[in-house]
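Undergrad: First the structure, then my questions, so here it is.
The values are calculated or read from the model by the stated rules, or taken from the named source; none is laboratory data. For clarity, every value in this text was computed on a predicted model and none was experimentally measured. When we count neighbours, we look across all protein chains shown, and the Cβ atoms used for this are built from the backbone with ideal geometry, even at glycine.
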Amino acid sequence: MPLVTTKEMLKKAQAERYAVGAFNANNLEYVQAIIEAAEEEKAPVILQASQGAIKYAGLKMVVAMVKAAAEDATVPVALHLDHGTDYKQNVKCLAAGFTSLMFDGSSLPFEENVAITKKIVEMAHAAGIPVEAELGKVATAGHVTEEEIKALMTDPEEAKRFVEETGVDSLAVAVGSVHKMTTQAARLDVERIERIRELTGVPLVLHGASGVTDEGYRTGIAAGICKINIATELNKAFTRGIREALEKKPDEIDPRRIVGVGRDYMKEAVKAKMRLFGCSGKA
């Protein structure tokens with residue numbers, strides 16, 4: 001089926017208290033693994049492209065791969081811009097065929113974040129495309145303390161004002177998750193999630209989610225998280241499959257027989273997340 005937007009997809013998730021998985025797609029194998037997993041789980045799915053993926057594969061190639069895969073799929077598929085850094089990037093992705101946009105102004109002063117987000121929302125809504133924004137700052141794994149993570153978290157009252165002033169469709173919140181964590185050790189501030197949901201009313205998004213525990217996912221979804229971004233877990237599964245394939249057949253020269261194993265590992269990782277998020281069977 002044709003690509004759909006994330007608007008109704010996330011509204012349904014919000015009403016029924018599950019989360020839609022948003023999986024970063026870096027190349028053909030990622031796209032195939034994610035779509036195949038969604039088909040087998042009968043789950044709605046969001047494929048998202050980061051700035052890095054767009055630079056690696058090219059904007060036209062990313063859109064073409066996802067569109068082609070979606071057309072053959074029987075489940076709803078959306079194409080989302082992950083961490084769009086400026087207005088121009090959002091314009092390019094809208095023109096290229098993305099069905100969901102994001103502006104990440106989390107490193108900007110509040111008023112500047114509001115101003116740019118509002119401008120992008122006005123542009124996107126004119127074309128019927130929803131926009132995600134970010135308030136607070138999700139830390140990146142490394143030399144970061146729990147105190148620093150807490151200091152960067154989204155303020156619920158600021159979130160209320162932000163949503164009212166921008167008209168944004170969904171909000172990425174900093175509530176304890178950390179980007180690029182390779183272990184499941186992040187602890188979510190569930191009370192903060194509940195308060196932001198109560199004050200804003202919009203679907204909430206969890207970034208840096210690969211480091212969250214299974215129980216953390218469940219409590220976060222119950223509190224108001226409707227979209228969960230997964231990237232590191234896919235990278236780990238893909239590279240693990242490739243390593244194991246090379247160890248078993250070190251003389252193999254057909255790359256398809258190597259990366260194909262990584263693709264299969266990724267598919268199983270995506271399916272496991274979909275079941276955990278509660279979106280299996282929700283297509």
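Undergrad: Out of the residues in the range 231-242 that are within 14 Å of the chain's Cα centre (by Cα) and crowded, with 23+ Cβ neighbours inside 10 Å, which is modelled with the lowest pLDDT?
TA: Ala231
Undergrad: Within the range 72-109, count every residue that is in contact with a strand residue (DSSP E or B) (Cβ under 9 Å, 6 or more places away or on another chain), of a type in the set (Asp, Glu) and within 24 Å of Ile35 (Cβ to Cβ).
TA: Summing the residues that are in contact with a strand residue (DSSP E or B) (Cβ under 9 Å, 6 or more places away or on another chain), of a type in the set (Asp, Glu) and within 24 Å of Ile35 (Cβ to Cβ) in the range 72-109 gives 1.
Undergrad: Kindly establish whether Gly128 is surrounded by fewer than 23 Cβ atoms within 10 Å (Cβ to Cβ), in contact (Cβ under 8 Å) with a residue 60 or more places away in the chain and under 18 Å from Val202 (Cα atoms).
TA: For Gly128, the condition - surrounded by fewer than 23 Cβ atoms within 10 Å (Cβ to Cβ), in contact (Cβ under 8 Å) with a residue 60 or more places away in the chain and under 18 Å from Val202 (Cα atoms) - is met.
Undergrad: Follow-up question, since we're still on this one. Output the helices (runs of 4 or more DSSP H) that fall wholly within the range 204-279 and possess 3 or more residues being basic (Lys, Arg) and either touching a helix residue (DSSP H, G or I) at 6+ places or on another chain (Cβ under 7 Å) or within 19 Å of Glu191 (Cβ to Cβ) (or both), or say none. First the steps, then the outcome.
TA: Working: elements: 214-223, 232-248, 255-277.
Per the criteria, 255-277.
Undergrad: Any chance the range 31-42 includes a residue that's at pLDDT 95 or above, touching a strand residue (DSSP E or B) at 6+ places or on another chain (Cβ under 9 Å), part of a loop (DSSP other than H, G, I, E, B) and on the phi > 0 side of the Ramachandran plot?
TA: no
Undergrad: Something else about it: Please determine, by comparing only the residues of the range 55-75 that are part of a helix (DSSP H, G or I) and free of Cβ contacts under 8 Å to residues at least 24 places away in the same chain, which one is surrounded by the fewest Cβ atoms within 10 Å (Cβ to Cβ). Before you say what the answer is, go through the steps one by one.
TA: Taking the range 55-75 and keeping what is part of a helix (DSSP H, G or I), we get 55-57, 59-71.
Pick out the ones that are also free of Cβ contacts under 8 Å to residues at least 24 places away in the same chain and you get 55, 61, 64, 68.
Values: Lys55: 10, Met61: 15, Ala64: 14, Ala68: 13.
The selected residue is Lys55.
Undergrad: Just to be sure, is Gln48 polar (S, T, N, Q) and out of contact with any helix residue (DSSP H, G or I) (no Cβ under 9 Å at 6 or more places or on another chain)?
TA: yes
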